């Protein structure tokens with residue numbers, strides 16, 4: 001593995017490690033504001049401001065809205081999916097625990113990814129589901145059960 005790939009892998013681990021921290025912080029914000037949706041709204045508002053600041057700091061050219069408007073309808077669903085994840089994380093993680101939440105979201109990610117690969121959805125190359133891949137997702141599912149079952 002080259003240095004570039006190792007650096008990207010480390011960045012992915014760091015982003016993953018930030019997820020339970022973000023869930024905990026957002027849950028506290030939601031509690032203070034009186035409803036989980038306010039925590040999610042605060043999170044996405046601050047995220048939007050941070051991204052807008054980066055766009056201005058990097059002096060990026062204006063986006064090509066004409067090209068974006070010609071994309072299929074489902075390409076616009078990413079924001080809804082992100083909002084659902086933020087809300088789900090801040091609402092569910094404190095109830096089932098950070099480790100069980102992380103494992104469950106990883107299982108959901110892997111399951112959806114297997115379907116996307118198998119059918120070549122969203123212009124991904126087709127990678128058929130094999131027994132080895134099914135064994136991998138079964139182990140992730142077992143991990144979810146073990147982490148959730150450990151709750152006493």
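Observations
- On full extension, the segment bounded by residue 65 and residue 46 gains 4.5 nm, given 0.36 nm per residue less the C-alpha separation.
- Over segment 1-87, equivalent-ellipsoid semi-axes from the Cα gyration tensor in Å: 25, 23, 14
- Taken over the chain, the ratio of Cα radius of gyration to 2.2 N^0.38 Å equals 1.24.
- Whole-angstrom gap from segment 1-52 to segment 82-152, using each part's C-alpha centre: 18
- With both labels modelled 7 Å from their Cα along Cα-to-Cβ, the residue 54 to residue 7 distance reads 1.6 nm.
- Segment 97-152 gives an Rg/Rh value of 1.09, both radii derived from C-alpha positions and Rh following Kirkwood.
- Highest mean packing first, where packing is the average number of other Cβ atoms within 10 Å per residue, the peptides 30-42, 6-18 line up as 30-42, 6-18.
- Each stretch of four or more DSSP H residues adds -39500 (n - 2.57); spread over every residue of the chain, this sum gives -26500 deg cm²/dmol at 222 nm.
Values in this text are rule-based calculations from the coordinates and carry no lab data. These numbers were taken from a predicted model, which means no experiment stands behind them. Please note: Cβ atoms are built from the backbone with ideal geometry, for glycine as well, and neighbour counts cover all protein chains shown.
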